[in-house]
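I have placed the structure first, in the form of structure tokens, so that the comments after it can refer back to it.
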Amino acid sequence: MSDHRAAGRALLAGNFAIGCGVMVTAGSLNDLVRSLQVSVPVGGQLISVAAVMMALGAPLLAGAVSGWDRRRLLTLALLWYAVGHALSALMPHYAALLPVRALTVLGAAVFTPQAAAAINVMAPPAERGRAITFIFIGWSLSSVIGMPLHSYIGEAFGWRWAFALVAVLSALAAAWVWRTLPDGIRPAALSLAAWRSTLTHPLLMGVVAVTALSAAGQFTLFSYFAPYYRQVIGADAASVSFLFLWFGAFGLLGNILLQRVVDRQGAARCVTVALAGMAVSLLLWPLALTLFAMTAVLVPWALGCFSSNSAQQARLGAAAPALAPALMALNTSAMYLGQAIGAGGGGAMVAASGFGALHWVALGWMLLAIGLSALLARRMARPYDV
């Protein structure tokens, strides 16, 4: 087994822990708002604030740590994440939890893009798309296992135990990364000129914008799945956990299918298919008024949810390999920026008028993402030379 494949498994585990931490608030939101005595929109701002911190942190920290050995950097990012979630579980009230949460997620801002940049360096060129999408299976697994587990733990034992679980998972992943990654992985540091070239290239920034638009669409509604399931379709705690598990299982399947076809079909085509699947779910959302109907409507969304971002990372890595560290960071930033916009906008809508129109706004964002992605696919015929 080559080094990059063994390292890929460790980085997958790291992304699993990161994904569990990013989604722990949404999964345990019902108990969190009850325990801290805040409204659902206010509780949802924990998602928005964390997303803003990750959006700002990913590119800024990418520049700050560009010369670091990736074994040490990725291990420290996971340890920071572990300590932050442990401290979050101990916070006595919402005002104390908010800043701790904001600082904790800086570990996610570092880990996910730098893990992708590291495996992009380690893998042979012909296997890079497959290698990058493989480590993002960790995010799908976090949805399969983490989201329903967070929901169950939150309902049965309280949100603090859900946060504590993320702390344990992050510490275990840190040990695996430290043990598995070799020393000396240092993607080429980018000069100011290279950053300027990246930020001013319209096609590359257009691809990054696709991620922001699709994330805004998803998180307009996704952030409020737990209260939506309970308040709109009358789901009990077990049913809420089941729906998260169902969504995550198809999310995992989507990423596994993507990993098998991305190098053959091309990342851009895979992105468009994934986004179209999510748009279908959002269009059909008004029909999901029972548990059975919801399971059917969720399937296309789940298949495209994690695979779309995995394909986006592979798309950027193939478009400009020399700029991969910057592009991975910017794409991660765009994903979290979209989360912040979606969660914030969705929370404002819930506060003003309830859940009714969330899916239409989400669909609008998704259609913009599909249109831009298709336009860029026609114009990006070959890798961009730095």
Handout entry: Leading residue by the ranking (nearest to residue 327 (Cα to Cα)) among those in region 37-48 that are out of contact with any Ser or Thr (no Cβ under 6 Å at 6 or more places or on another chain) and assigned to a helix (DSSP H, G or I)
Key = 48
Practice task
Restricting attention to helices (runs of 4 or more DSSP H) lying wholly within region 141-249, give those where 1 or more residues are in contact (Cβ under 8 Å) with a residue 24 or more places away in the chain and over 30 Å from residue 364 (Cα atoms).
Solution key: 147-156, 159-180, 192-199
Handout entry: Of residues in region 117-139 being open to solvent by less than 20 Å² (accessible area, probe 1.4 Å), more than 27 Å from residue 88 (Cα to Cα) and small (Gly, Ala, Ser), the one modelled with the lowest pLDDT
Key = 129
Handout entry: Output for region 154-166, where each listed residue is open to solvent by 20 Å² or more (accessible area, probe 1.4 Å) and either closer than 18 Å to residue 86 by Cα or of a type in the set (Lys, Arg) (or both)
Key = 157, 160, 161, 164, 165
Exercise for the section: Might you let me know whether region 176-186 holds any residue that is over 27 Å from residue 357 (Cα atoms), touching a Gly at 6+ places or on another chain (Cβ under 8 Å) and charged (D, E, K, R)? Expected result: yes
Handout entry: Matching entry among 58, 51, 10 (being in contact with a helix residue (DSSP H, G or I) (Cβ under 9 Å, 6 or more places away or on another chain), modelled with pLDDT of 90 or more and either outside any helix (DSSP H, G or I) or open to solvent by less than 10 Å² (accessible area, probe 1.4 Å) (or both))
Key = 10
Handout entry: Given (1) over 20 Å from the mean Cα position of the chain (by Cα); (2) closer than 15 Å to residue 6 by Cα, index of the condition residue 174 fails
Key = (1)
Problem - region 317-371, residues that are on the phi > 0 side of the Ramachandran plot and modelled with pLDDT of 90 or more - result: none
Practice task
Taking residue 146 as the residue in question, decide whether it is at pLDDT 85 or above, open to solvent by less than 20 Å² (accessible area, probe 1.4 Å) and not aromatic (Phe, Trp, Tyr).
Solution key: no
Practice task
Return yes when residue 236 is open to solvent by 10 Å² or more (accessible area, probe 1.4 Å) and under 25 Å from residue 142 (Cβ atoms) and no when it is not.
Solution key: yes
Practice task
Residues being within 22 Å of the chain's Cα centre (by Cα), within 30 Å of residue 234 (Cβ to Cβ) and not aliphatic (A, V, I, L, M): count how many of those fall in region 286-322.
Solution key: 6
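Considering 35, 88, 39, which residue is open to solvent by less than 50 Å² (accessible area, probe 1.4 Å) and polar (S, T, N, Q)?
88
Within the bounds of region 195-209, is there any residue that is among the hydroxyl-bearing types (Ser, Thr, Tyr), surrounded by 16 or more Cβ atoms within 10 Å (Cβ to Cβ) and modelled with pLDDT of 85 or more?
No; the residues of region 195-209 include none that is among the hydroxyl-bearing types (Ser, Thr, Tyr), surrounded by 16 or more Cβ atoms within 10 Å (Cβ to Cβ) and modelled with pLDDT of 85 or more.
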Problem - Scope region 356-371; condition closer than 21 Å to residue 49 by Cα and surrounded by fewer than 20 Cβ atoms within 10 Å (Cβ to Cβ); matching residues - result: 361
Handout entry: Among the candidates 77, 26, 64, 51, residue that is within 18 Å of the chain's Cα centre (by Cα) and within 26 Å of residue 180 (Cα to Cα)
Key = 77
Exercise for the section: Among the residues of region 289-308, count how many are modelled with pLDDT under 90 and open to solvent by less than 20 Å² (accessible area, probe 1.4 Å). Expected result: 3
Exercise for the section: Determine if region 323-339 includes at least one residue that is within 27 Å of residue 239 (Cα to Cα), within 19 Å of the chain's Cα centre (by Cα) and either of a type in the set (Gly, Ala, Ser) or surrounded by 24 or more Cβ atoms within 10 Å (Cβ to Cβ) (or both). Expected result: yes
Exercise for the section: Of the conditions (1) surrounded by 18 or more Cβ atoms within 10 Å (Cβ to Cβ); (2) in contact (Cβ under 8 Å) with a residue 60 or more places away in the chain, residue 106 clears all except one; give me its number. Expected result: (2)
Exercise for the section: Considering every residue within region 259-271, establish whether at least one is without any contact (Cβ under 8 Å) to a residue 60 or more places away in the chain, outside any helix (DSSP H, G or I) and on the phi > 0 side of the Ramachandran plot. Expected result: yes
Practice task
Starting from residues that are open to solvent by 40 Å² or more (accessible area, probe 1.4 Å) and either more than 23 Å from residue 270 (Cβ to Cβ) or among the hydroxyl-bearing types (Ser, Thr, Tyr) (or both), keep the ones in region 372-386 and report whichever is modelled with the highest pLDDT.
Solution key: 384
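The values are calculated or read from the model by the stated rules, or taken from the named source; none is laboratory data. As the structure is a computational prediction, the values presented were derived from the model and not from experiment. All Cβ positions, glycine included, derive from the backbone under ideal geometry; neighbour counts span all protein chains shown. These accessible areas exclude ligands, DNA and RNA; they are computed on the full protein's heavy atoms, side chains included. Shrake-Rupley method; radii C 1.70, N 1.55, O 1.52, S 1.80 Å.
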